[in-house]
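Chemist: Would you mind keeping the following structure in view while I ask a few things?
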Amino acid sequence: MHPDGEKILLTEEQLELQVAELGRRISQDYAGKEILVVGILKGAMVFLADLVRKITVPTYFDFISVSSYGSSTKSSGVVRILKDLDRSITGRHVLIVEDIIDTGLTLNYLLENLSSRHPASIKLCALLDKPSRRLKPANINIDYCGFTIPDEFVVGYGLDYNERYRNLPYIMILSPKIYGGGKQNVTA
Ligand code: 5GP
């Protein structure tokens, strides 16, 4: 394990098996349709790359980048679009792919924003869910969820701390001595 880690939470093998299972379920549910996968940069990138290769129906990609946390240690609820989608989603079957749902504030905003563009349908696929941290539980329904995890700060498999650790092939709990117990400069 990387020396900055406290513990491996999800191994490469666990990730591979669960991503394949999510791909199988998605392919089954969308049979006869085309999917527009909307990836949330940058954290979802690694998960998305593995997931789409397990989807067997025609799949298109687009990406959106939002800022979720600023420099403070608490989620402010203020979400800013840094890079919008390249194309219209009107009439498309949109599947949002996110790395982790924490407070839910980012997704709450994005679901509202993307729904107002009149897609044919909109669903959410998240690799990780931290339900104990949710601020607006009623508004977030994760249609496809990889793993429910405890309230720990995790990195790897696309997830960063100050842009580091994204390329780790597993997900580990970051040692609190690295981040000083707060969540700083975390970007989606
Ligand atoms: P939310 O708006 O749900 O609180 O924030 C979701 C975003 O916060 C995720 O896309 C991710 O970028 C970041 N985030 C939340 N928890 C973690 C975590 O444990 N590790 C990392 N690396 N990012 C996290």
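The values are calculated or read from the model by the stated rules, or taken from the named source; none is laboratory data. Note that this is a predicted model, so its numbers are computed, not measured. With ideal geometry, Cβ positions are generated from the backbone for all residues, glycine too; neighbour counts draw on all protein chains shown.
Chemist: Output the residue which, of all residues in the stretch 164-182 that are within 10 Å of the ligand (Cβ to nearest atom) and surrounded by 17 or more Cβ atoms within 10 Å (Cβ to Cβ), is modelled with the lowest pLDDT.
Modeler: By that ranking, first place goes to Tyr179.
Chemist: Failed condition for Arg80, given (1) loosely packed, with under 14 Cβ neighbours inside 10 Å; (2) modelled with pLDDT of 95 or more, with all others met?
Modeler: Against the list (1) loosely packed, with under 14 Cβ neighbours inside 10 Å; (2) modelled with pLDDT of 95 or more, Arg80 comes up short only on (2).
Chemist: May I ask you to list the residues in the stretch 92-105 that are away from the ligand (no atom under 13 Å from the Cβ) and aliphatic (A, V, I, L, M)?
Modeler: Within the stretch 92-105, Val94, Leu95 meet the criteria.
Chemist: For the stretch 1-74, which fully contained strands (runs of 3 or more DSSP E) count at least 3 residues that are away from the ligand (no atom under 12 Å from the Cβ) and either touching a helix residue (DSSP H, G or I) at 6+ places or on another chain (Cβ under 7 Å) or under 27 Å from Ile173 (Cβ atoms) (or both)?
Modeler: 5-10
Chemist: For residues in the stretch 128-163 being in a strand (DSSP E or B) and more than 10 Å from the ligand (Cβ to nearest atom), which is surrounded by the fewest Cβ atoms within 10 Å (Cβ to Cβ)?
Modeler: Checking each candidate, the answer is Thr148.
Chemist: So which of Thr73, Thr59, Thr90 is among the hydroxyl-bearing types (Ser, Thr, Tyr), out of contact with any strand residue (DSSP E or B) (no Cβ under 8 Å at 6 or more places or on another chain) and at pLDDT 95 or above?
Modeler: Thr90
Chemist: Now for a separate question. Can you name the residue in the stretch 132-166 that is free of Cβ contacts under 8 Å to residues at least 24 places away in the same chain and touching a helix residue (DSSP H, G or I) at 6+ places or on another chain (Cβ under 8 Å) and is also nearest to Ala20 (Cα to Cα) among such residues?
Modeler: Thr148
Chemist: State whether the residues of the stretch 106-115 include one that is hydroxyl-bearing (Ser, Thr, Tyr), more than 16 Å from Gly43 (Cα to Cα), within 9 Å of the ligand (Cβ to nearest atom) and in a helix (DSSP H, G or I).
Modeler: There is at least one residue in the stretch 106-115 that is hydroxyl-bearing (Ser, Thr, Tyr), more than 16 Å from Gly43 (Cα to Cα), within 9 Å of the ligand (Cβ to nearest atom) and in a helix (DSSP H, G or I).
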